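I have a structure I would like to understand better, so I am pasting it below and will then ask my questions one at a time.
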Amino acid sequence: MTDTLELSHWIGGEKVAGTRPGESLNPSDIREVVARTPQGGAAEVDQAVAAARAAFGPWADASPEVRSDVLDRAGTLLMERREVIGRLLSREEGKTLAEGIGETARAARILKFFAGEALRLHGQNLASTRPGVEIQTYRQPVGVFGLITPWNFPIAIPAWKIAPAIAFGNTVVIKPAGPTPATAEALIAILHEAGLPKGVVNMVIGDGDVGRAIVAHPDVDGISFTGSQKVGAGVAEGAMKRQARVQLEMGGKNPLIVMDDADLDRAVNVALDGSFFATGQRCTASSRLIVQDGIHDRFVAALAEKVASLRVGDALDPSTQMGPAVTEAQRDVSYDYIDIAASGGGRVVAGGQRLSLDKPGWYVQPTLIVDTLPDARINNEEVFGPVASTIRVADFEEAMTIANGVEFGLSAGIVTQSLKHAREFQRRARAGMTMVNLATAGVDYHVPFGGTKKSSYGPREQGFAAADFYTQIKTSYSAS
Ligand code: UN1
């Protein structure tokens, strides 16, 4: 499949062409243009918000069964087409074909999950402190949501923001990430094919101007953003200025502690998955490997061997185990951090070299850097690439202190056979998600997702928690 797609914005159920042209490239072979896109701006955002506002009343008043049916049908269509859309995803984002198809199936499951949640929205009934008075609480839709999504999960994240928003009666304007608009468009097209009324979901393609116009728009009631900490801070400020509700999912510098009593094979496989799969481009990636002295050298030797033998290549080649970085800029960030870590005293034991293959793509060698210090830049700043560092520790206490000693707190993991350490880790880790004998990345879709400290802000995403952001509670008192 090498044809170039021609994308449009989606406004009020119609495809709307743009004036300024843009494109997305195949990071495995940048000679290939995956899609040509319009680049929207404030004018398209105005039209999209107006369409979402017009659609809001009827959609909010529709039977939950109507909303459930659309999500269910879209989930079925997406699951049926997961191979084709997963291939498009891998071609546009660069994760392997297995990862691209897996993510598409995950997005389909998310749509199905929220098809069920649409029917389960419930409130409470309480006796008042005043005799004869009853109180009911209802969850009601909020209005128009602006969704700003990243390129690293170009279909799953749009799905997990759009699905709860519309399941509970809201309408949406989404700006997909610049490098991956075609994958997002596939989802929007399927929702419409499944019978979504015009204007319930609108999409404006473009760059930061589109994001800023959404955040500043007076008729957007809430904003959900996944992306970098820096951009997220600006989104929060803009939303708060006009009292819009806001939810931010940002970076991580996720620790994986490996204790002396760990099963070595398990520890190596968990670290390999957490640090390098999806080219390390996950905010949940295990980027700090905190390893106890007694297992350290065996762990590093075994992991280095596996990292060095990972097959890096074209995302669509079935033998590829790790695809390229999504863009040239992302590739260069990885290179920069490898240099920063090495100049800070770290020792590169796998990867670390510039990589060029027979195709022009943004390939990076998966890289393991050992003997780094906890306060080095490599252990405090998010790389968002296939680069992991190890920190040697004497005991559990030192491991906990280092694990919690960064500004981020998204996901944290431990590999151990000690129940005591596992339980204590779960209790004391300052992270929104903890993993015992599992990779820090790779989460379920039906449970809450989010972090602490600078990783997240606002209510959790996904699972039963999604209703906290995408509905508002009304408290009704009545006496007879
Ligand atoms: C996962 O680890 O399965 O952008 C999901 C990210 C996260 C999603 C991670 N918001 O990487």
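Within region 204-230, restricting attention to residues that are within 15 Å of M240 (Cβ to Cβ) and within 16 Å of the ligand (Cβ to nearest atom), which residue is surrounded by the fewest Cβ atoms within 10 Å (Cβ to Cβ)?
Checking each candidate, the answer is I223.
Given the options T440, T372, name the one that is in a loop (DSSP other than H, G, I, E, B), buried (at least 18 other Cβ atoms within 10 Å of the Cβ), within 16 Å of the ligand (Cβ to nearest atom) and not aliphatic (A, V, I, L, M).
T440
Pick from region 411-437 the residues that are part of a loop (DSSP other than H, G, I, E, B) and among the hydroxyl-bearing types (S, T, Y): which of them is nearest to the ligand (Cβ to nearest atom)?
Step by step, filter region 411-437, then rank; the result is T416.
Do we have V34 as surrounded by 19 or more Cβ atoms within 10 Å (Cβ to Cβ), farther than 19 Å from P154 by Cα and at pLDDT 95 or above here?
No, not satisfied.
Right, here's the next one. Only one of A177, A233, A159 is in a helix (DSSP H, G or I), assigned by TED's automatic domain parsing to the domain that holds L121 and buried (at least 24 other Cβ atoms within 10 Å of the Cβ). Can you tell me which?
On inspection, the qualifying residue turns out to be A159.
Something else about it: Can you name the residue in region 251-286 that is under 26 Å from G86 (Cβ atoms) and in contact with a Lys or Arg (Cβ under 6 Å, 6 or more places away or on another chain) and, of all such residues, is surrounded by the most Cβ atoms within 10 Å (Cβ to Cβ)?
Taking the candidates together, the pick is A278.
Okay, next question. Would you confirm, using the coordinates I've provided, whether A403 is out of contact with any Cys (no Cβ under 7 Å at 6 or more places or on another chain), within 16 Å of the ligand (Cβ to nearest atom), under 28 Å from M322 (Cα atoms) and in the same structural domain as A350 (by TED's automatic domain parsing)?
Criteria not met by A403.
For a quick check of your reading: which helices (runs of 4 or more DSSP H) sit entirely within region 4-96 and have at least 2 residues that are over 24 Å from the mean Cα position of the chain (by Cα) and aliphatic (A, V, I, L, M)?
Those helices (runs of 4 or more DSSP H) span 42-61.
Which residue is surrounded by the fewest Cβ atoms within 10 Å (Cβ to Cβ), if the candidates are limited to region 14-24 and must be under 15 Å from P176 (Cβ atoms) and touching a residue at least 60 places away in the same chain (Cβ under 8 Å)?
G22
Select, from T129, T104, the only residue that is more than 15 Å from the ligand (Cβ to nearest atom), of a type outside the set (K, R) and either more than 30 Å from A278 (Cβ to Cβ) or free of Cβ contacts under 8 Å to residues at least 60 places away in the same chain (or both).
Every option except T129 fails the conditions.
Looking only at region 279-292, how many residues end up being in contact with a helix residue (DSSP H, G or I) (Cβ under 9 Å, 6 or more places away or on another chain) and either part of a loop (DSSP other than H, G, I, E, B) or within 8 Å of the ligand (Cβ to nearest atom) (or both)?
Counting residues in region 279-292 that are in contact with a helix residue (DSSP H, G or I) (Cβ under 9 Å, 6 or more places away or on another chain) and either part of a loop (DSSP other than H, G, I, E, B) or within 8 Å of the ligand (Cβ to nearest atom) (or both) gives 4.
Let me spell it out: the conditions are (1) touching a residue at least 40 places away in the same chain (Cβ under 8 Å); (2) of a type outside the set (S, T, Y); (3) farther than 24 Å from M433 by Cβ, and D371 meets all of them except one. Which number is the exception?
So the condition that D371 fails would be (1).
Name the residues in region 208-229 that are in a loop (DSSP other than H, G, I, E, B) and more than 18 Å from the chain's Cα centre (by Cα), would you?
H217, P218, D219, V220, D221
Within region 180-207, which residues are within 21 Å of the chain's Cα centre (by Cα), within 22 Å of R81 (Cα to Cα) and in a loop (DSSP other than H, G, I, E, B)?
Answer for region 180-207, where residues must be within 21 Å of the chain's Cα centre (by Cα), within 22 Å of R81 (Cα to Cα) and in a loop (DSSP other than H, G, I, E, B): just T180.
Restricting attention to region 382-410, report how many residues are in a strand (DSSP E or B), in contact with a Phe, Trp or Tyr (Cβ under 8 Å, 6 or more places away or on another chain) and among the small types (G, A, S).
1
Okay, residues lined up against (1) hydroxyl-bearing (S, T, Y); (2) under 25 Å from V348 (Cβ atoms):
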| position | (1), (2) |
| --- | --- |
| G385 | no, yes |
| V393 | no, yes |
| F396 | no, no |
| A403 | no, yes |
| S418 | yes, no |
| M433 | no, no |
| D444 | no, no |
| P459 | no, no |
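Of all residues in region 447-469, how many are within 13 Å of the ligand (Cβ to nearest atom), in a loop (DSSP other than H, G, I, E, B) and not aliphatic (A, V, I, L, M)?
Matching residues across region 447-469 total 6.
Output the qualifying pairs, or none if there are none: Cβ atoms under 8 angstrom, residues six or more apart or on different chains, first residue in region 138-157 and of a type in the set (D, E, K, R) and modelled with pLDDT of 95 or more, second residue more than 9 Å from the ligand (Cβ to nearest atom) and assigned to a helix (DSSP H, G or I).
R139/A467
For residues that are among the basic types (K, R) and surrounded by fewer than 16 Cβ atoms within 10 Å (Cβ to Cβ), tally how many sit in region 454-473.
0
So the check is Cβ under 6 Å with 6+ separation or different chains; which pairs have a first residue in region 46-74 that's more than 15 Å from A165 (Cα to Cα) and a second one that's among the polar types (S, T, N, Q)?
From residues that are more than 15 Å from A165 (Cα to Cα), the pairs are A48/N202; A51/N202.
Here are T452, T440, T475, T471: which of them is within 30 Å of D265 (Cβ to Cβ) and among the polar types (S, T, N, Q)?
T440
Among the residues that make up region 347-368, is at least one of them in contact with a Ser or Thr (Cβ under 9 Å, 6 or more places away or on another chain), outside the structural domain of D29 (by TED's automatic domain parsing), among the basic types (K, R) and within 28 Å of G178 (Cβ to Cβ)?
Yes, some residue in region 347-368 is in contact with a Ser or Thr (Cβ under 9 Å, 6 or more places away or on another chain), outside the structural domain of D29 (by TED's automatic domain parsing), among the basic types (K, R) and within 28 Å of G178 (Cβ to Cβ).
The values are calculated or read from the model by the stated rules, or taken from the named source; none is laboratory data. Note that the structure is predicted; figures quoted are calculated from it, not measured. For neighbour counting, all protein chains shown are included, and Cβ atoms are generated from backbone atoms with ideal geometry for every residue, glycine included.
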